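Notes follow once the structure below has been shown.
The values are calculated or read from the model by the stated rules, or taken from the named source; none is laboratory data. Just so it is clear, the model here is predicted, and its values are computed rather than measured. Neighbour counts run over all protein chains shown; Cβ positions are idealised from the backbone, glycine included. Ligands, DNA and RNA are excluded from the accessible area calculation, which covers all protein heavy atoms including side chains. Shrake-Rupley method; radii C 1.70, N 1.55, O 1.52, S 1.80 Å.
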Amino acid sequence: FNAPEVEVAKLLYNSRHNYEKMKRNLDPLVTAEESVNKDKVNKFADDKIEEERKRFSVSREVENMFDRAVSGDMTGKPKSIGKLTKEGKEYLESISGIELKDDVDFVLNPSDLVHIYNNHYGENEKDKGNNIPLTRHDIGRMVDVISFPTKVIYGEGKNGRKSFYFLMDTPDGAYNLLEVYADKKGNLSSKTYYKTKKGVSQRVMNIANSLH
């Protein structure tokens, strides 16, 4: 196996392991429709594993887009990395009070990726007192921050731009923070992204205080 294949193997193993445990927990509840229920559970597990596989693929794509933007091979228009779900749209509308269009893309702008590299990646991190330099793994993890945030807050900055702040805890006790704004086409685009040493509640308070 090369490195990506090993990661995929671990991902699929962990997913299968978790759903096998789920199926065992459901066994005592299964009655006469046992075979039907088990088929449904198996399909649910398989669907979830496929979702993990797709998210892993998008994470690798984001890493490649980052590399291309930094090298100058990717310029111009933003590129979509996924669609906002109906539930996600309703939630973001509920916390912001704004109405989003029906079909919303999550997009990455090459210039914003370059900004992230110049200000927060590796030795380029400008605020090492509060932040931890981003790694390549953090770049790919941007997909997880969007998909499974620990917290999302909304506010308008001093420039009037409407922004959503997606926060997600990291294995090393820090937090990834992704600032997302609605662009002129009504899609959601990442403005900046970094890893903060501060806890979510403290960082959210700092962000909220700085929004107005």
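Overview of values
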| item | result |
| --- | --- |
| Members of segment 54-98 found to be in a helix (DSSP H, G or I), aliphatic (A, V, I, L, M) and either open to solvent by 60 Å² or more (accessible area, probe 1.4 Å) or out of contact with any Pro (no Cβ under 7 Å at 6 or more places or on another chain) (or both), listed by number | 58, 62, 65, 70, 92, 95 |
| Residue within segment 114-123 that is touching a strand residue (DSSP E or B) at 6+ places or on another chain (Cβ under 9 Å), open to solvent by less than 50 Å² (accessible area, probe 1.4 Å) and either modelled with pLDDT under 90 or among the charged types (D, E, K, R) (or both) present | no |
| Hey, residue 155 buried (at least 20 other Cβ atoms within 10 Å of the Cβ) and either out of contact with any strand residue (DSSP E or B) (no Cβ under 8 Å at 6 or more places or on another chain) or over 21 Å from residue 121 (Cβ atoms) (or both) or not | no |
| Residue list for segment 128-140, filter: surrounded by 12 or more Cβ atoms within 10 Å (Cβ to Cβ) and not hydroxyl-bearing (Ser, Thr, Tyr) | 130, 131, 132, 133, 134, 136, 137, 138, 139, 140 |
